[in-house]
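A short write-up of the structure that comes next.
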There are 4 protein chains.
Amino acid sequence: MKRWSYPVVVLNFKAYREAVGSGAERLAYVAETVSKELGVTVAVAVQPTDVHRLSSRFELPILGQHVDPHEEGSWTGHVTAVALREAGAEGSLLNHSERRIGLSEIAIAVELLRKEGLRSIVCADTPLTSKAAGALRPDLVAVEPPELIGTGISVSKARPEVVTEAVRMVSSVDPGVPVLCGAGISTPEDVYRAIELGTVGVLISSAFVKSKDPQHTLTGFCQAALKSHESRSSRL
Amino acid sequence: MKRWSYPVVVLNFKAYREAVGSGAERLAYVAETVSKELGVTVAVAVQPTDVHRLSSRFELPILGQHVDPHEEGSWTGHVTAVALREAGAEGSLLNHSERRIGLSEIAIAVELLRKEGLRSIVCADTPLTSKAAGALRPDLVAVEPPELIGTGISVSKARPEVVTEAVRMVSSVDPGVPVLCGAGISTPEDVYRAIELGTVGVLISSAFVKSKDPQHTLTGFCQAALKSHESRSSRL
Amino acid sequence: MKRWSYPVVVLNFKAYREAVGSGAERLAYVAETVSKELGVTVAVAVQPTDVHRLSSRFELPILGQHVDPHEEGSWTGHVTAVALREAGAEGSLLNHSERRIGLSEIAIAVELLRKEGLRSIVCADTPLTSKAAGALRPDLVAVEPPELIGTGISVSKARPEVVTEAVRMVSSVDPGVPVLCGAGISTPEDVYRAIELGTVGVLISSAFVKSKDPQHTLTGFCQAALKSHESRSSRL
Amino acid sequence: MKRWSYPVVVLNFKAYREAVGSGAERLAYVAETVSKELGVTVAVAVQPTDVHRLSSRFELPILGQHVDPHEEGSWTGHVTAVALREAGAEGSLLNHSERRIGLSEIAIAVELLRKEGLRSIVCADTPLTSKAAGALRPDLVAVEPPELIGTGISVSKARPEVVTEAVRMVSSVDPGVPVLCGAGISTPEDVYRAIELGTVGVLISSAFVKSKDPQHTLTGFCQAALKSHESRSSRL
């Protein structure tokens with residue numbers, strides 16, 4: 001697992017029709033282009049069916065969107081960390097609000113990803129569950145109030161205290177676990193605010209996938225991320 | 001969706017370490033070789049991460065192991081019929097005993113697979129649930145008593161009445177839905193019996209995946225399937 | 001299990017605050033009063049915590065809202081048919097759209113209820129899943145398009161073909177399984193139509209629970225049910 | 001919510017046939033008798049159908065075995081904190097290994113129980129998940145390695161480090177959250193060890209429910225609990 005330089009922009013392709021199969025290739029190409037041009041870490045979280053297809057064509061980090069808590073064996077229809085690694089993934093989201101799993105399942109999946117050398121990003125919906133997620137030693141925690149997902153109203157603008165509180169609480173339980181911020185992020189300003197509030201990056205979905213000009217949109221997000229990250233670093 | 005000629009041998013790779021990634025390629029190669037040599041339809045049901053990898057290299061039918069009942073959109077971590085089709089799958093298993101889904105979910109997933117031109121194989125554990133599955137108009141029903149899965153004790157030998165009853169009950173609700181037989185099938189004789197009891201083929205997993213000589217094993221299964229199918233056809 | 005005389009009005013108390021604990025007692029009292037006065041079978045489906053409380057005070061049939069597919073044993077947090085029977089229930093709803101369970105789970109739960117002498121009412125969302133539910137030999141099938149639940153727009157008025165088709169399809173798979181109709185039923189006319197379309201009764205929730213005058217409301221429903229049932233009977 | 005005096009013995013009745021309905025009454029009577037005689041807090045976690053039945057007859061604390069994360073409303077088949085409180089429960093187990101729920105669901109259910117004045121006991125399977133559970137501010141955490149549940153091999157004897165580590169980790173995240181210890185506890189010595197390792201009590205199931213002489217068995221457990229608690233207190 002390569003270290004990620006911060007800031008990080010994680011693009012969640014979900015199961016959007018535009019972002020599956022050939023659409024996933026098209027959007028991953030855009031993501032890679034912008035990432036290289038601006039020197040910002042951009043990762044894409046894609047359907048399991050697209051992991052190998054993208055990892056064999058692109059250099060940017062490919063993430064799964066979910067992992068089941070099983071190592072290998074008689075688990076028809078489950079997605080394993082072994083399978084993701086074999087397909088060339090660099091890690092996976094876990095416990096997204098659209099695919100919640102149990103507390104023990106998260107703990108086991110984080111461990112199985114680690115065993116395969118893969119990065120784990122555990123999603124949580126509140127500062128309190130972010131803290132609990134942080135206790136499970138994932139590589140990152142992503143806080144996303146589900147009521148804002150897909151709304152275009154960003155958590156960093158509408159409820160900044162959720163972000164700062166999540167950062168504080170995760171840090172209290174494990175200072176080594178960085179926090180990403182998601183839910184409703186749709187403008188460069190949202191990205192700027194999210195990082196200003198103490199996160200190392202953002203989780204973005206429809207604002208990129210549904211954009212009429214994804215390259216332009218992502219460029220704006222990455223520039224804002226860079227600017228906010230630098231501004232914060234200079235203050236520290 | 002191409003018509004399948006009968007008999008059919010469906011190989012379920014599950015999440016076995018030997019059958020994921022490069023292992024899946026190796027076993028799919030064996031399956032394709034035997035299929036072509038003997039003229040028996042052999043399909044492989046693989047991890048979603050392997051669908052595109054195999055469909056782009058092989059001609060044999062690639063199946064998913066599970067589909068979620070969502071068309072497209074905000075469904076992080078779900079596997080859609082659209083994604084399977086984009087990855088080159090020809091269909092999918094549904095409701096395997098290791099990945100049960102709800103009654104409505106099966107109905108919706110069958111419909112979504114059909115819409116994408118993909119074949120649906122709904123698994124069921126008893127004659128009664130096979131009948132209910134058959135009522136949902138899938139392309140095939142696979143009956144597998146879960147207590148025999150992975151035991152090496154085949155349902156066709158240990159509980160032949162489960163198979164004949166499943167065939168009868170599915171036929172009573174929809175005569176157009178053929179039945180596959182799974183669970184514990186480990187010898188050519190098991191395959192022969194399964195088809196003799198009225199099914200159009202078998203669902204096999206560990207007996208193939210864990211075999212020391214998968215090509216030899218599969219050849220035996222396919223020869224038995226052919227022989228039983230021909231014997232039954234000549235009697236009809 | 002006593003035979004139910006038709007028509008039947010099943011009142012689903014859900015987890016409404018007004019219909020839990022002492023509220024459940026109050027509403028069950030209303031239901032029993034109206035039932036006795038008009039001679040219509042009225043059953044109440046209540047939270048498991050209220051089954052014994054009501055069954056020890058009232059004579060009307062008390063139903064559970066959900067049963068888990070386990071006979072007895074190490075099943076912390078599950079609701080068993082044995083427990084419902086011990087608490088005095090006469091049966092249970094199963095697979096309500098707000099508490100979907102798997103195909104095999106429904107089959108097992110129906111069987112376990114039968115073993116305890118309890119009535120099973122399997123909910124389904126479409127004619128097709130109603131047919132599948134009917135194949136599992138429950139005592140009744142209740143068809144409820146979930147998109148209408150709680151809307152006040154009744155399925156019998158807005159989508160009568162769903163009801164007639166469900167009745168037809170359940171009957172095709174097992175003519176002995178009667179059908180109830182739910183979702184959005186809020187006026188006596190809705191009740192009348194539902195029974196006119198071939199069902200033996202209705203499943204009603206918020207229209208009763210949230211009514212300012214539950215006794216008056218239920219009286220209207222029961223009178224309409226009776227009238228429609230008699231009208232249909234006279235035509236047969 | 002009355003304060004619990006320590007040590008605490010929580011008896012989980014699960015869905016054992018002997019511990020449902022009239023059996024639950026019989027066992028609760030034993031529990032209350034022993035509790036009063038020895039002055040040890042004994043609580044019983046019962047099927048939801050038995051909560052009201054027992055709370056209206058006994059004074060000992062009655063607990064649910066599971067709560068769904070919903071306040072009230074259209075939640076057919078779910079068990080709410082409101083319903084438990086109305087039925088006279090004093091609290092509930094949550095996330096038992098036989099009824100796992102999601103991370104967010106635990107957080108919400110703990111909050112809803114608190115709102116109703118009810119005690120929450122969140123179960124966890126490892127020290128790490130105990131820590132995460134502790135981060136969610138429940139009233140207690142119960143650590144139970146699922147592989148030992150029902151085995152008769154107690155965690156306090158077979159894997160004492162799991163208990164001490166769980167106590168340490170829960171305390172690190174919230175020193176105010178006491179820990180219970182479960183899984184395989186079947187002798188007074190197991191109880192003694194569990195409390196000696198830093199817990200405030202034990203979670204016991206089959207050893208009590210299946211005992212030929214439950215009163216004698218529970219007396220032994222309670223005496224050991226008292227003795228160990230006093231010995232530890234005198235050392236502190």
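Apply 1/(1 + (r/R0)^6) to the Cβ-Cβ distance of D:L38 and C:K115, taking R0 = 30 Å, and write down the FRET efficiency to the nearest 0.05. Write down the numbers at each step before the final one.
Working: r = 40 Å, r/R0 = 1.33.
In this case the efficiency is close to 0.15.
Going by the alpha-carbon gyration tensor, a ≥ b ≥ c the square roots of its eigenvalues, is the range C:64-119 rounded (a/c under 1.5) or, if a/c is not under 1.5, prolate (a/b greater than b/c) versus oblate?
Rounded, because the longest to shortest axis ratio a/c is under 1.5.
At 1.4 Å probe size, what's the solvent-accessible area of D:S206? Round to the nearest 10 Å².
Estimated to the nearest 10 Å², D:S206 gives 40 Å².
Give me the Kirkwood hydrodynamic radius of chain A, using the inverse of the mean 1/r over all pairs of distinct Cα atoms, in Å to one decimal. Don't skip to the end; give the middle numbers.
Details: mean 1/r = 0.0578 Å⁻¹.
Hydrodynamic radius (Kirkwood, Cα only) of chain A equals 17.3 Å.
State to the nearest 20 debye the size of the charge dipole of the protein assembly as shown about its Cα centre, where the only charges are +1 on K and R beta carbons and -1 on D and E beta carbons. The partial results should precede the final answer.
Numbers: 100 positive and 108 negative charges, 0 e Å.
Value, rounded to 20: 0 debye.
What are the principal axis extents of the Cα atoms in the range C:55-169, in Å, biggest first?
So the three principal-axis extents are 43, 33, 23 Å.
Tell me, what are the semi-axes, in whole angstrom and largest first, of the equivalent ellipsoid of the range A:100-149 as set by the roots of 5 times the Cα gyration tensor eigenvalues?
Numbers: eigenvalues 77, 22, 18 Å².
After scaling each eigenvalue by five and taking roots: 20, 10, 9 Å.
Using θ = phi - 60° and the Karplus relation 6.51 cos²θ - 1.76 cosθ + 1.60, list the HN-Hα couplings for the range B:187-194 in order, rounded to whole Hz, with x at every Gly or Pro.
Along the range B:187-194, the couplings run 10, x, 5, 4, 5, 4, 4, 4 Hz.
So, R0 is 35 Å and r is the distance between the beta-carbons of D:E147 and D:Q215; what FRET efficiency does that work out to, to 0.05? Kindly include the intermediate steps, with their values, before the conclusion.
Working: r = 30 Å, r/R0 = 0.86.
Approximately 0.70, to the nearest 0.05.
Please compute the Kirkwood hydrodynamic radius over the protein assembly as shown, one decimal place, Å, based on all pairs of different Cα atoms. Kindly include the intermediate steps, with their values, before the conclusion.
Values: mean 1/r = 0.0339 Å⁻¹.
Every distinct Cα pair counted, the radius reaches 29.5 Å.
For D:G73, what residues show an amide H to amide H distance below 5 Å, using hydrogens built from the backbone and excluding near sequence neighbours?
The answer is C:A15, C:Y16, C:R17.
Name the long-range amide H neighbours of A:I101: under 5 Å, sequence gap of 5 or more, or other chain; modelled H, no Pro or chain starts.
Long-range HN contacts for A:I101: A:N95, D:L103.
Ordering B:R193, D:R137 by how much accessible area each has at a 1.4 Å probe, largest first, what is the list? Please report the intermediate quantities before stating the final value.
Working: B:R193 70, D:R137 120 Å².
Ranked from most to least accessible, the order is D:R137, B:R193.
What FRET efficiency do you get for D:R57 and A:E71 if R0 is 51 Å and r is their Cβ-Cβ distance, rounded to the nearest 0.05?
Efficiency, rounded to the nearest 0.05: 0.60.
Summarise the partner chain shielding of B:81-90 as one whole number: the mean count of Cβ atoms from other chains within 10 Å of each residue's Cβ.
Values: counts 0, 8, 11, 4, 3, 10, 9, 3, 1, 0.
Mean partner-chain Cβ count within 10 Å for B:81-90: 5.
Each residue of the range A:66-78 in order: what ³J(HN,Hα) in whole Hz does its phi give by Karplus 6.51 cos²θ - 1.76 cosθ + 1.60, θ = phi - 60°, with x for Gly and Pro?
Per residue, the Karplus-derived 3J(HN,Hα) values read 6, 9, 8, x, 10, 6, 5, x, 7, 10, 3, x, 9 Hz.
C plus D alone minus the pair: what accessible area, both sides summed, probe 1.4 Å, in Å² to 100?
Numbers: alone 10360 and 10350 Å², together 17440 Å².
Counting both chains, the buried surface is close to 3300 Å².
Can you pick out the pairs among C:K115/D:K14; C:K131/D:K14; C:K157/C:K210; B:K36/B:K212; B:K14/C:K131; B:K210/D:K157 whose Cα atoms lie more than 28 Å from each other?
Long pairs (Cα-Cα over 28 Å): C:K131/D:K14; B:K14/C:K131; B:K210/D:K157.
If you build the Cα gyration tensor of the range D:1-95 and take the root of 5 times each eigenvalue, what three semi-axes come out, in whole angstrom, biggest first? Walk me through the numbers on the way to the answer.
On the way: eigenvalues 105, 45, 24 Å².
Here the semi-axes work out to 23, 15, 11 Å.
Report, in whole Å, the centroid distance computed from the Cα atoms of the range C:1-68 and the range A:1-66.
54 Å
Rounded to whole Å, give me the distance from the Cα center of the range B:188-236 to that of the range D:74-152.
49 Å
Could you rank B:D50, B:D213 by how accessible they are, 1.4 Å probe, largest area first?
Working: B:D50 0, B:D213 75 Å².
In descending accessible area the options line up as B:D213, B:D50.
I'd like the carbon and sulfur percentage of the solvent accessible area for the range B:137-229, probe radius 1.4 Å, heavy atoms only, ligands and nucleic acids excluded.
Working: 1790 of 3470 Å².
The C+S portion of the solvent-accessible surface of the range B:137-229 is 52 percent.
How far apart are the B:Y29 label points across copies, placing each 7 Å from Cα toward Cβ, in nm, shortest first?
The projected label point of B:Y29 is separated from its counterparts by 3.1, 7.3, 7.9 nm.
Which value, in Å² and to the nearest 10, is the accessible area of D:H216 when all protein chains are kept and the probe is 1.4 Å?
Number for this one is 130 Å².
Taking chain C as a Gaussian network, Cα atoms linked when under 10 Å apart, which of C:S55, C:S130, C:S154 shows the biggest mean-square fluctuation?
With Cα springs under 10 Å in chain C, the top fluctuation among C:S55, C:S130, C:S154 is at C:S55.
Report the full-extension gain for the segment B:S171 to B:S5: residue separation times 0.36 nm, less the Cα-Cα distance, to one decimal in nm. Mind dumping the intermediate values first?
Numbers: separation 166, 0.36 × 166 = 59.76 nm, distance 1.91 nm.
Going from the current span to full extension adds 57.9 nm.
Using a 10 Å cut-off on Cβ to Cβ distances, tally the other chain neighbours for every residue of A:49-57 and report the average as a whole number.
Mean partner-chain Cβ count within 10 Å for A:49-57: 6.
How large is ³J(HN,Hα), in whole Hz, for each residue of the range C:82-98 in order, when computed from phi with the Karplus curve 6.51 cos²θ - 1.76 cosθ + 1.60 and θ = phi - 60°, using x for Gly and Pro?
Here the 3J(HN,Hα) series is 4, 5, 5, 5, 4, 7, x, 5, 9, x, 7, 6, 9, 6, 4, 4, 8 Hz.
The values are calculated or read from the model by the stated rules, or taken from the named source; none is laboratory data. Predicted model, so just to flag it, every value in this text is computed and none were measured. Every residue, glycine among them, receives a Cβ derived from its backbone with ideal geometry; neighbour counts consider all protein chains shown. Quick note on the areas: whole protein, heavy atoms, side chains included, nothing else; ligands and nucleic acids left out. Shrake-Rupley method; radii C 1.70, N 1.55, O 1.52, S 1.80 Å.
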